[in-house]
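Let me begin by presenting the structure, written as structure tokens, before commenting on it.
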């Protein structure tokens, strides 16, 4: 017989809690959400660190930063030519259309000699002995009597000029103003000393 006011030990005093197995399942069900948040955070961080590669390299946008090498092994970037109008040309010695447009680039370079205009012809030839194919590039420049700077960027690396400028082929050229903004992007061979391009460069020079 149970006396009044004495709780029955066999009767629970509150609602029953979930069984241990259910509690373990509830905790484990939260794990995928935590992993997903970590993955999303990692992706966002990676995108932020490599954001320059996702910026469109088109007319009206600032030219991305880059480093290429001279034929004597020095590293140079666009910042060295700050305050100049730059024609950045991506090419290779084995590229017939590149050979076709180079003489017009040299004529333009001579016509604008003494101004704040510079041509940076960046070769993407395959490396020789782990470095720039200096002999082939120098021979190419002598053959065409080129006087503008010949530079080098090895292909197939994240830091290559092709990767940074998101080129689809060669030759490909970028006309960059004194403010480091791209004013023209052209794919394929071009007659660079034709009036339309020469006049645009003169406007960018303020002449």
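Laboratory data are not the source of any read-out in this text; all were calculated from the coordinates shown. Note that this is a predicted model, so its numbers are computed, not measured. Every residue, glycine among them, receives a Cβ derived from its backbone with ideal geometry; neighbour counts consider all protein chains shown.
Give the shape of region 66-155 as rounded, prolate or oblate, defined through the alpha-carbon gyration tensor: a ≥ b ≥ c are the square roots of its eigenvalues, a/c under 1.5 means rounded, and otherwise the shape is prolate if a/b is larger than b/c and oblate if not.
Because a/c hits 1.5 or more and a/b fails to exceed b/c, region 66-155 counts as oblate.
For the residue pair residue 115 and residue 198, what label-to-label distance in nm results when each label sits 7 Å from Cα along the Cα-to-beta-carbon direction?
About 1.0 nm separates the two model spin labels.
Where both residues lie in region 91-207, what percent of DSSP beta bridges are antiparallel, nearest 5?
60
In terms of the Cα gyration tensor, with a ≥ b ≥ c the square roots of its eigenvalues, is region 104-197 rounded because a/c is under 1.5, prolate because a/b exceeds b/c, or oblate?
Taking the square roots of the gyration eigenvalues as a ≥ b ≥ c, region 104-197 is oblate.
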